[in-house]
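Written below as structure tokens is the structure these notes are about.
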Amino acid sequence: MTPTVPVTFAETDIEQIAQAEGRVAVIVTPDGKLDTAARRVNRLCKGALKRLVESDAWTRLKPGDLRTLAWPAGMQAEAVDVLCLERNADPVTARKAGAALGRAAGEGDLLILAGTVRRPAELAFGVALRRYRFTEHMTGEQDARPGAVTVMTGKPDAARAAYADMAAVAEGVHFTRDLVSEPANHLTTTEFARRIKEMESLGLKVSILEEEEMQKLGMGALLSVGHGSASPSKLAVMEWQGGESGAAPLALVGKGVVFDTGGISLKPAAGMEDMTMDMGGAGVVCGAMRALAGRKAKANVVGLVGLVENMPSDRATRPGDVVTSMKGDTIEVINTDAEGRLVLADVLWYAQEQYKPAGIVDLATLTGAMIVALGHEKAGVFSNDDALCGAFLKAAEAEGEGAWRLPLAEAYDDLLKSEIADMKNVGGRAAGSITAAQFLQRFVKDGVPWIHLDIAGVTRVKSDTAYAPKGASGWGVMALNRLVADRFEPEG
Ligand code: BES
Ligand code: MN
Ligand code: ZN
């Protein structure tokens, strides 16, 4: 796994500033006041810092922005990054400021002079989130020494304690990004299952259902998607028992299509390579489970991911085929490219039969229509339960991850009527993301609080986001982690 940056917290020692290698970050409030460390930096670089914070350029900065003084005289460091930030900045602002620092600082050593900033751990968290590069397949890059981050702060013990949980979350986010970045010839269903199994070392209980077992359970919808592929379909289950024994768990369900060619309803060639990320929902579930286990969350959570590959072949499902789901409902497969919902139908049903969950959150790169609606800024949120949905939206907001609720309604559900089966798998062009959600809702039992997250637009993005360089974002790991903390863990 791509390692997260090592972070250490230490007492402020201004005598070390001159010798620090790599980069030094200093924090200055928007009104331009220099603290003890900043005054030392200013003295070392012969007044350059003071000139910066007294300049017009400084007045134009927003909290979280930074300016760089390159090759400062009188210091070993190659640059001083001057971050504009209030001492009592809220967590998201502090985190985003850290991410901006991570972006500017690149990959070398970084000394952050946090002084009396109230959230030094959030600053470091931002750096850790932003500092990510997927170099797995670049020869010669694999064993470059990763830089280290040192944070000098007035209260290093408190910061270290606060950071411990954040480090677990950052690991979860990086794990998700690795999975999403990995090409499909490497991340086969078998390899995916192996990486999940490895998480047993964190205290998760992992089981893998193979095709034969799923056949016995009647998962005809999920199995119909993987039929055309040489890679066997699998259902991976991760159980985290951190709460009261016997308490109903939260279920996290993910679409894990390791590659989506569209099947016999083949996708056009242009851009098809993007479909290596069609396991993004499963990737977020795995990252969230990793974060929860890593910080020993006091809640019961079970992650279930359907791992399949959607390929055309002589064994592949044809348009017009009728398949039977584990629930027993029959589905007319009009378009084999609407495969994610077929996978989720059976995983959702299995989750309910097996675990009687207190709630379900499913995640899927489900529809291109979601990108048309919300672009790459926010994921689509659908829910049958205002309370759970409200809690999720609040958690996403608090973590700075974009999310926007869309409607469900019977009139949309009517679009799924089939002439020859209980339903068809597509509802036509109009409201494509909503009809997909309606399809899923048919596999959610009455009274089970459920959220569907369509993450097609946010899973992999072509430009930098607040927390990530362009590429796999890890969107959702932080929001889910907080949802669990807010709603499923005892306070304190
Ligand atoms: N995996 C795709 C959705 C997708 C598209 C995700 C682009 C990310 C980027 C999904 O399986 C799919 O192909 N959906 C179809 C549904 C249609 C056939 C009803 C789509 O969106 O075109
Ligand atoms: Mn598809
Ligand atoms: Zn797909």
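The values are calculated or read from the model by the stated rules, or taken from the named source; none is laboratory data. For clarity, every value in this text was computed on a predicted model and none was experimentally measured. Positions of Cβ are backbone-derived with ideal geometry, glycine not excepted, and every protein chain shown enters the neighbour counts. Just so you know, the surface numbers come from the protein's heavy atoms only, side chains and all, with ligands and any DNA or RNA stripped out. Shrake-Rupley method; radii C 1.70, N 1.55, O 1.52, S 1.80 Å.
Summary of values
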{"quantity": "From the options 262, 281, residue that is near ligand 1 (Cβ under 8 Å from one of its atoms), touching a residue at least 24 places away in the same chain (Cβ under 8 Å) and either closer than 12 Å to residue 184 by Cα or open to solvent by less than 30 Å² (accessible area, probe 1.4 Å) (or both)", "calculated": "262"}
{"quantity": "Hits in segment 365-402 - residues which are among the aliphatic types (A, V, I, L, M), in a helix (DSSP H, G or I) and open to solvent by less than 20 Å² (accessible area, probe 1.4 Å)", "calculated": "370, 388, 395, 396"}
{"quantity": "Answer residue from segment 306-332, given it is in a strand (DSSP E or B) and away from ligand 1 (no atom under 15 Å from the Cβ) and is least open to solvent (accessible area, probe 1.4 Å) among those", "calculated": "323"}
{"quantity": "Meets criteria (within 22 Å of residue 126 (Cβ to Cβ) and in contact (Cβ under 8 Å) with a residue 60 or more places away in the chain) for residue 95", "calculated": "yes"}
{"quantity": "Answer residue from segment 333-367, given it is farther than 12 Å from residue 305 by Cα, more than 8 Å from ligand 1 (Cβ to nearest atom) and small (Gly, Ala, Ser) and is farthest from the chain's Cα centre (by Cα) among those", "calculated": "358"}
{"quantity": "Out of 46, 50, sole residue that is assigned to a loop (DSSP other than H, G, I, E, B) and open to solvent by 70 Å² or more (accessible area, probe 1.4 Å)", "calculated": "46"}
{"quantity": "Options 226, 254: the member that is open to solvent by less than 10 Å² (accessible area, probe 1.4 Å) and either under 15 Å from residue 315 (Cβ atoms) or not assigned by TED's automatic domain parsing to the domain that holds residue 349 (or both)", "calculated": "226"}
{"quantity": "Options 279, 311, 272: the member that is out of contact with any helix residue (DSSP H, G or I) (no Cβ under 6 Å at 6 or more places or on another chain) and under 30 Å from residue 355 (Cβ atoms)", "calculated": "279"}
{"quantity": "Any chance residue 207 is without any contact (Cβ under 8 Å) to a residue 24 or more places away in the chain and either open to solvent by 10 Å² or more (accessible area, probe 1.4 Å) or outside any helix (DSSP H, G or I) (or both)", "calculated": "no"}
{"quantity": "Residue list for segment 427-455, filter: part of a loop (DSSP other than H, G, I, E, B) and either closer than 23 Å to residue 105 by Cβ or open to solvent by 10 Å² or more (accessible area, probe 1.4 Å) (or both)", "calculated": "427, 428, 429, 430, 431, 442, 444, 445, 446, 447, 448, 449"}
